[in-house]
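Q: The structure follows.
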Amino acid sequence: MKKINLKGVTTATWVRTGVLVVALVNQGLTIAGKNPLPFSDGQTEQAVTFIVTAFSAVLAGWKNQSFTKAAQNADEQLKLEKGKGVGK
């Protein structure tokens, strides 16, 4: 049997494990007829919709959105320049 190495566990692993535990506890309480979260279904839906919209807005603003032909040509030129190793 392999030994568990807690020192080598990343922060991301701890966060994912914590979220899983919270989700399991929440699901168990819901099955038992308890409402563990002090939010209505409507409030939860609004919050999830806001988060998805905000994430989409940030992603769209972060990425280079090249709609014009000139912007697309500039993107292609940049790829060519990076491929040549210019400036090295």
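The values are calculated or read from the model by the stated rules, or taken from the named source; none is laboratory data. As the structure is a prediction and not an experimental result, all values here were calculated from the model. Neighbour counts run over all protein chains shown; Cβ positions are idealised from the backbone, glycine included. In case anyone asks, the SASA skips ligands and DNA or RNA and just uses the protein heavy atoms, side chains included. Shrake-Rupley method; radii C 1.70, N 1.55, O 1.52, S 1.80 Å.
Q: So, LYS79, is that one open to solvent by 90 Å² or more (accessible area, probe 1.4 Å) and not in a helix (DSSP H, G or I) or not?
A: no
Q: Another question, then. Looking only at the stretch 28-51, count every residue that is among the aromatic types (Phe, Trp, Tyr) and exposed (fewer than 11 other Cβ atoms within 10 Å of the Cβ) and tell me the total.
A: Residues meeting the conditions: 1.
Q: Taking the stretch 8-21 on its own, how many of its residues are open to solvent by less than 100 Å² (accessible area, probe 1.4 Å), among the β-branched types (Val, Ile, Thr) and within 18 Å of the chain's Cα centre (by Cα)?
A: Number satisfying all stated conditions: 5.
Q: Now, a different point. Find all pairs meeting these conditions: Cβ atoms under 6 angstrom apart; at least six residues apart or on different chains; first residue within the stretch 31-54 and among the hydrophobic types (A, V, I, L, M, F, W, C); second residue in a helix (DSSP H, G or I) and open to solvent by 90 Å² or more (accessible area, probe 1.4 Å).
A: none
Q: Taking the condition of being closer than 24 Å to VAL21 by Cα and more than 26 Å from the chain's Cα centre (by Cα), how many residues in the stretch 33-83 meet it?
A: Here the count works out to 3.
Q: Further, regarding this structure: What's the total number of residues in the stretch 7-65 that are closer than 30 Å to ASP75 by Cα, small (Gly, Ala, Ser) and not in a helix (DSSP H, G or I)?
A: Going through the stretch 7-65 one residue at a time, the tally reaches 0.
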